[in-house]
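Down below is the structure, laid out as structure tokens.
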Amino acid sequence: MHASFLAAYLGSDPVVANSLSRIASSLRQVDVIDHRRLQPGRSAQILIVDCRQQRSDEYTSAKLSPELLQLALVSENNVHRAVIFASGFSDYLMWPLIEREVLSRLSGCVAEIERRSGARFFSADPLVQKSCDLLAQRVDQRIALGELARTVGSNKTTLVDRFEVSFGCGPITWLRHYRMAEAAQRLRNGRESVANIAVSLGYENSNNFSTAFKAIHGVSPLHYRKMALRREKPV
């Protein structure tokens, strides 16, 4: 079973990889593995880049997805904070590792990922937010794009364009992501059946719901719930 978030160590030192994995094992939400052990179908949300062999003016973060949070691993006697942050890293870890620091940095990354996720469902554009509020209130119903546009006093083209500016997707895609975020929260927080969650979110067919959920979260609803329950068990 997997944790909710995955951190990958990008470096060549197995001692570091093992130490990070051991320390992170006390967290309920994060697994740390060597990037060479990433299995097909798994992706990391956090990257720990080993920068100990680089000069202070050579720090460069890996140019991957902008959604990926990256931590620089640096030597204790070679910490140049301004250069680290200017290079695009979210934060840094020092070697030799300090357990409390590793746990704090990883917990901070999780909080940032969750904060970003919440921001996907809020827009400063009044028209877009009005539409989002309406869609959230009618999350169990089918609503056509034209009907939504008329209800909020707009037209389809304008509404889609303004959603694209706010969220990078149209209203219907936004609604699908919102439904799956709601589903994930309910799977984590209760014993409600997958079938009931599916119906309450507008999916009459549980298989269609499971397919939609897996497309967003990478695992089936039942697998996701098992993962969450595992992480909630007392140590």
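Points to keep in mind about this one:
- Acute angle (nearest 10 degrees) that the helix 99-119 long axis makes with the longest principal axis of the chain, alpha-carbon atoms: 20 degrees
- Here the sum of -39500 (n - 2.57) over DSSP H runs of 4 or more residues, divided by the residues of the chain, equals -15500 deg cm²/dmol at 222 nm, to the nearest 500.
- Solvent-accessible surface of the chain, taken per residue with a 1.4 Å probe and all protein chains present: 56 Å².
- Exposure rank, largest accessible area first [ARG28, ARG100, ARG81, ARG225; 1.4 Å]: ARG100, ARG81, ARG28, ARG225
- Exposure rank, largest accessible area first [PHE85, PHE209; 1.4 Å]: PHE85, PHE209
- THR158 accessible area, assembled protein chains, probe 1.4 Å, Å²: 50 Å²
- List ASP133, ASP91, ordered by accessible area with a 1.4 Å probe, largest first: ASP133, ASP91
- With the simple model of a label 7 Å out from the Cα in the direction of the Cβ, ASP125 to ASP161 spans 1.0 nm.
- Within the range 10-53: Cβ-based charge dipole about Cα centre, in debye rounded to nearest 20 (Lys, Arg +1; Asp, Glu -1): 100 debye
- For the chain, the Cβ-based charge dipole about the Cα centre amounts to some 680 debye (Lys, Arg positive; Asp, Glu negative; other atoms uncharged).
- Fraction of accessible area attributable to carbon and sulfur, the chain (%, probe 1.4 Å): 50 percent
- Here each label is just a point 7 Å from Cα along the line to Cβ, and for ARG55 and ARG142 those points are 6.4 nm apart.
- Using a cutoff of 8 angstrom between alpha carbon atoms and counting only pairs six or more residues apart, the relative contact order for the chain works out to 15 percent.
- Probe 1.4 Å - accessible area at ARG22, Å² to nearest ten: 140 Å²
The values are calculated or read from the model by the stated rules, or taken from the named source; none is laboratory data. Just so we're clear, the structure is a prediction, and the values are computed from it rather than from any experiment. Please note: Cβ atoms are built from the backbone with ideal geometry, for glycine as well, and neighbour counts cover all protein chains shown. Calculation scope for accessible area: heavy atoms of the full protein, side chains included, ligands and nucleic acids excluded. Shrake-Rupley method; radii C 1.70, N 1.55, O 1.52, S 1.80 Å.
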